[in-house]
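The values are calculated or read from the model by the stated rules, or taken from the named source; none is laboratory data. Just so it is clear, the model here is predicted, and its values are computed rather than measured. Here the Cβ positions follow ideal geometry from the backbone for every residue, glycine too, while neighbour counts run over all protein chains shown.
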Amino acid sequence: MLTPTTNPVPTAVRRPWWETRWCIALALLLAAVPLLWPAVPPLTAVPAALARYRGMLDEGAGPVGWCLAHGRPCGVDLLVAGLAPLIGLVPALKAIVVAVPVIAAAGMLWLSREAHGRVQPVAYLALPFAYHPAFLHGLVDIALAMALALNAVALWMRLARWRRLRAGVFVVLSAVVWAVHPLGWASLGVMIFAAELVRARAVERDTVRRGWAESGWRAAVTCLPIAPPALMLLAWRPGGADVGGAWVAALALKPGWVLGALRDRWRLLDWGSIALVALMIHRSYQDRRFVHAPMLAAAALGLLALLVAVPSGPAGAAMAIAPCAIMLALLSIRFNARVTQRRRGELAWAALAFVVVRTVAGTASFAAENGDWTRHLAALDHIPHGARVAAFVGQTCVQPWRIARTYSLPDMVRVRRGASTHGAPDPTGSADPPTEHAEVVMDAPCPDRPSVRTLDQALADLPRARYDLIWLITPGRIDPARLGDVRLVWSDGRDVLFALPHARAPR
């Protein structure tokens, strides 16, 4: 019979260095390092989130009422509402953002221990996936929900012998994960169902294994404590009405989400990293020195099935599913009992080196992005309180490899200066765009993105009487004829801030 935990480590046996508390603590510290320096985490949707939270705090409606009014999960909102009065809005959100990869890393190491009885060297290879593209896009809700789901699966395996206690705990815990993000709850359910399915299938009765139908039924019954949040889905709308169209549109993008699970800034490093991980997974199934934890391997396959099934836009929350599936595939790997301790140590050193390289690269990436944001946000010093700002963020038709993180920068106007910005749909694809948002424009017409206007088109249609200032972020070529009678307020050679002639005096 399959049990979640096998071969417990005798207390008299000295643990290898990669299983010691100091090594695990170092790994968790490394998970936090990239985001420690920037005051504002340079994730794409963070400025929009800060503006939304500023509105929530200013209105004083309370996070639950605010979330229900906007039809969104409340997990991160509740945390912000609790911390912001104590330490301030920006530090509160930063603390939450920094905690997300640490919680994810802790869940990975815990899962490795529960599945194998001890932390495996390969588990460290999974840690860099805490910084997946959905997290870099600033989808903090889904990143936190997935991190909590990993820890919840480890707890499920830990409580395998106390089923009544586990059932009671998971009635509450599954609701908590759902409150953070429903897709995290769906991922939790899929992971646990897949794990319980292979566990039930492995049970032999009179030397004959249970059939898949019986195993599936038993797994479903076992997962009933996780089911209650399904009733809440009746009130949750993950997107627009055309769910089928969104699924078809996103289907072609999903292989890229798997291959780009470590995408950040440097193409060669990111491709090399994912190739190394793919080679490790492939070799583990070809080399007899490796064996796999069936429950985690099944959970990884279950998440891949969920990735295919879930409709999502190009930058939607479903991007977080692919990295989580890769994490589980790595966490399922262990050496067999015949492999020497020296070989295990060599793999552990290689895995830790991989973590260090990705941590250094991530830290450098965030530092570079923070410098870029600081340069852009210098315009805020020239925007009076209460000014009405029409902001346009320039992009090119050919997108670079690095994840663009300037889409929602104009929302910092409201956060820092109390002004408001001209709005358009959230380009990050978030299901909950802020009410006030800047418009993304192209430097030239793009056949692949016909719905996105050029800067000239946007300026021509701008109702100028409603605004005092025009803020252009990386605008590229500017046609002076489109600007009309404006006065230059500030420029750093790339970004430009103009005042309209009829600009009203700020209150």
(message) Report every pair of residues separated by at least 6 positions or lying on different chains whose Cβ atoms are under 8 Å apart, first residue within region 268-292 and outside any helix (DSSP H, G or I), second hydroxyl-bearing (Ser, Thr, Tyr).
(response) PHE290/SER284; HIS292/SER284; HIS292/TYR285; HIS292/SER332
(request) Mind counting the residues in region 357-408 that are within 17 Å of ALA48 (Cβ to Cβ), within 22 Å of the chain's Cα centre (by Cα) and aromatic (Phe, Trp, Tyr)? (result) 2
(request) List the number of the failed condition for VAL176; all other conditions in (1) in a helix (DSSP H, G or I); (2) out of contact with any helix residue (DSSP H, G or I) (no Cβ under 9 Å at 6 or more places or on another chain) hold. (result) (2)
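Only one residue in ALA235, ALA179 is within 22 Å of the chain's Cα centre (by Cα) and at pLDDT below 90. Which one?
On the way: ALA235 fails: within 22 Å of the chain's Cα centre (by Cα).
ALA179 is the lone residue from the list that is within 22 Å of the chain's Cα centre (by Cα) and at pLDDT below 90.
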(request) Need at least 3 residues that are modelled with pLDDT of 95 or more and either buried (at least 16 other Cβ atoms within 10 Å of the Cβ) or of a type outside the set (Ser, Thr, Tyr) (or both) per element, so show me which helices (runs of 4 or more DSSP H) inside region 1-112 make the cut, counting only ones lying wholly within it. (result) 21-32
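Considering only residues that are in a helix (DSSP H, G or I) and more than 22 Å from the chain's Cα centre (by Cα), look in region 114-162 and name the one that is surrounded by the most Cβ atoms within 10 Å (Cβ to Cβ).
Pass one, region 114-162, residues in a helix (DSSP H, G or I): 114-116, 123-130, 133-136, 140-158.
This time we only want the ones that are more than 22 Å from the chain's Cα centre (by Cα), so: 114-116, 156-158.
Working: GLU114: 25, ALA115: 29, HIS116: 24, TRP156: 25, MET157: 23, ARG158: 16.
Of everything passing the filter in region 114-162, ALA115 is surrounded by the most Cβ atoms within 10 Å (Cβ to Cβ).
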(request) Take region 447-492 and flag every residue that is closer than 20 Å to GLN399 by Cα and among the basic types (Lys, Arg). (result) ARG449, ARG453, ARG477
(request) Being over 18 Å from ALA325 (Cα atoms) and surrounded by fewer than 15 Cβ atoms within 10 Å (Cβ to Cβ) is the filter here, so list the residues in region 255-268 that pass it. (result) ARG267, LEU268
(message) Looking at PRO506, PRO501, PRO475 in this structure, which one is surrounded by fewer than 17 Cβ atoms within 10 Å (Cβ to Cβ) and modelled with pLDDT of 75 or more?
(response) PRO501
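Quick grid of which residues meet (1) aromatic (Phe, Trp, Tyr); (2) under 30 Å from GLY107 (Cβ atoms); (3) in a helix (DSSP H, G or I); (4) out of contact with any strand residue (DSSP E or B) (no Cβ under 6 Å at 6 or more places or on another chain):
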position: ALA329; (1), (2), (3), (4): no, yes, yes, yes
position: VAL357; (1), (2), (3), (4): no, yes, yes, yes
position: HIS385; (1), (2), (3), (4): no, no, no, yes
position: PHE392; (1), (2), (3), (4): yes, no, no, no
(message) Testing LEU279 on (1) over 23 Å from the mean Cα position of the chain (by Cα); (2) over 22 Å from ILE333 (Cα atoms), one condition comes back false. Which one is that?
(response) (2)
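What number of residues within region 167-197 are closer than 15 Å to PRO294 by Cα and buried (at least 21 other Cβ atoms within 10 Å of the Cβ)?
Taking region 167-197 and keeping what is closer than 15 Å to PRO294 by Cα, we get 190-197.
If we keep only those that are buried (at least 21 other Cβ atoms within 10 Å of the Cβ) as well, we get 190-192, 194-197.
Selection size over region 167-197: 7.
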(request) Evaluate region 344-360: report whether one residue or more is touching a Cys at 6+ places or on another chain (Cβ under 9 Å) and in contact (Cβ under 8 Å) with a residue 12 or more places away in the chain. (result) yes
